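Have a look at the structure below before the remarks.
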Amino acid sequence: MWHDADGAHPRTGAARRANALVRVGVLLGALIALMIAFLPAPGARASASQRAIPADTPVASPGAGTPTAATSATPASTPSGTPATTPTTSPVTTPAATPSATTTTTAQAAQVSATLAHIPVGEMSISFTQATKTARTTLNMTGMPPNTSAVGLVVAGSCDAPGGVLWRGATFSADPNGKVVNFKVKFSGVQGTNANAAVVIQTIAGNGETRDGYNLACGLIKSTRIGGPITQASVTFGPVPGAQDGNVTGSAKLAQDSNKNLAVTIQASGLAPSSQHGVSINLGSCQWLSYVLYDLPQMTADASGNGSVTITINNAEPLPTAGGNTWYVAIDYQPQTNHDHFETVSCGNVPTV
């Protein structure tokens with residue numbers, strides 16, 4: 001039996017050294033075999049856990065400065081040169097600035113003119129029976145201040161210079177459209193007709209009427225038959241030249257273009273010097289006063305009693321046509337037209353187009 005001990009037989013030391021070398025060789029062989037086992041086979045790819053990602057290689061998610069397909073500067077579906085749907089600072093759908101109607105020049109589609117004259121106007125028929133000393137009158141008026149009372153007076157003199165009252169008639173009232181229809185009065189104890197006198201229609205203040213004793217209209221008594229048992233006469237009512245604003249005349253021009261812009265020019269004379277007046281375009285007619293359609297600028301008369309108004313109404317109602325609504329132009333006695341109580345001194349019917 002062999003024992004390891006110092007001073008062992010020489011043969012025994014050599015054997016130990018050879019045994020150690022064998023062990024080292026076995027360990028190296030095992031290590032090489034292990035390394036070979038972990039090397040990938042030829043042509044094989046490394047797994048995701050084995051692949052190294054260099055620090056300067058971008059990852060799969062987009063980083064800054066890398067546009068996605070939705071934000072590509074030139075999407076495949078967008079033609080070259082066509083702006084994207086996101087509006088720019090100057091969208092192509094924004095229209096250019098449009099000048100106001102007063103500076104737009106277009107062809108005029110229609111133009112009409114109206115003549116302004118005094119209102120109210122009307123007629124009175126008179127009959128006188130000598131045997132009974134009675135007189136009968138029938139009155140018809142248009143253009144009166146609506147819903148207000150007035151009275152007819154027989155006066156000496158003329159409409160230019162009315163004189164004293166010879167006899168006084170009965171009070172009457174106009175309807176809401178300024179009309180008086182067949183107002184009949186019987187007078188007793190009349191000594192005769194005054195063929196050289198005049199009849200004035202005079203206001204009675206109240207119910208919106210601010211003027212008391214103002215002469216609205218006047219006409220001379222003209223005999224139609226003298227002699228026999230009955231004398232007949234008539235009166236045609238018109239201007240009162242001696243009254244303030246008692247004979248205002250003028251003209252109105254209305255022109256409407258294809259864009260419905262209505263240019264209106266009104267001129268008047270016979271106004272009280274330096275006076276101010278409401279002006280309007282109304283529905284109806286000078287014979288049937290009705291609602292205000294457009295209030296126009298105030299008219300101011302100069303020292304000679306002349307005045308004018310000019311205005312363009314944008315997107316206005318169409319000018320009157322046959323069978324439709326009718327218009328008239330009115331100048332009021334007051335500085336502003338009272339929509340509930342007209343005091344019209346001059347009026348003109350607008351023709352149809």
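The values are calculated or read from the model by the stated rules, or taken from the named source; none is laboratory data. Please read all numbers here as calculations on a predicted model, not as lab measurements. With ideal geometry, Cβ positions are generated from the backbone for all residues, glycine too; neighbour counts draw on all protein chains shown.
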State all residues of the stretch 150-171 that are farther than 24 Å from Pro241 by Cβ and either in contact with a Phe, Trp or Tyr (Cβ under 9 Å, 6 or more places away or on another chain) or assigned to a loop (DSSP other than H, G, I, E, B) (or both); if no residue qualifies, say none.
Ala170
Cβ-Cβ under 8 Å pairs, at least 6 apart or on other chains, the stretch 274-292 side more than 13 Å from Val329 (Cβ to Cβ) and outside the structural domain of Pro320 (by TED's automatic domain parsing), far side polar (S, T, N, Q) and assigned to a loop (DSSP other than H, G, I, E, B)
none
If the Cβ limit is 6 Å and pairs must be 6+ apart or interchain, which residue in the stretch 295-314 that is more than 13 Å from Lys253 (Cβ to Cβ) pairs with which residue that is at pLDDT below 95 and of a type outside the set (S, T, N, Q)?
Asn314/Ala101
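One line per residue, one yes/no per condition, for (1) within 20 Å of Ala198 (Cα to Cα); (2) assigned by TED's automatic domain parsing to the domain that holds Gly213; (3) crowded, with 19+ Cβ neighbours inside 10 Å:
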residue	(1), (2), (3)
Thr142	yes, yes, yes
Pro146	no, yes, yes
Val151	yes, yes, no
Val155	yes, yes, yes
Cys159	yes, yes, yes
Pro162	yes, yes, yes
Arg168	yes, yes, no
Asn177	no, yes, no
Hits in the stretch 240-267 - residues which are among the acidic types (Asp, Glu) and surrounded by fewer than 20 Cβ atoms within 10 Å (Cβ to Cβ):
Asp257
Condition broken by Asp160, with the remaining ones in (1) over 23 Å from Cys286 (Cα atoms); (2) modelled with pLDDT of 95 or more satisfied
(2)
Just the residues that are more than 15 Å from Gln256 (Cβ to Cβ) and of a type in the set (S, T, N, Q), please, taken from the stretch 311-345.
Thr326, Gln334, Gln336, Thr337, Asn338, Thr344
Matching residues, the stretch 251-266, being closer than 10 Å to Pro318 by Cα and of a type in the set (Lys, Arg)
Lys260
Collect the residues in the stretch 306-353 that are part of a strand (DSSP E or B) and of a type in the set (A, V, I, L, M, F, W, C), keeping them in residue-number order.
Val309, Ile311, Ile313, Trp327, Val329, Ala330, Ile331, Val345, Cys347, Val350
Of the residues that sit in the stretch 297-328 and are loosely packed, with under 14 Cβ neighbours inside 10 Å and among the β-branched types (Val, Ile, Thr), which one is farthest from the chain's Cα centre (by Cα)?
Thr321
Would you say Ile331 is more than 21 Å from the chain's Cα centre (by Cα), β-branched (Val, Ile, Thr), surrounded by 18 or more Cβ atoms within 10 Å (Cβ to Cβ) and closer than 22 Å to Ile119 by Cβ?
yes
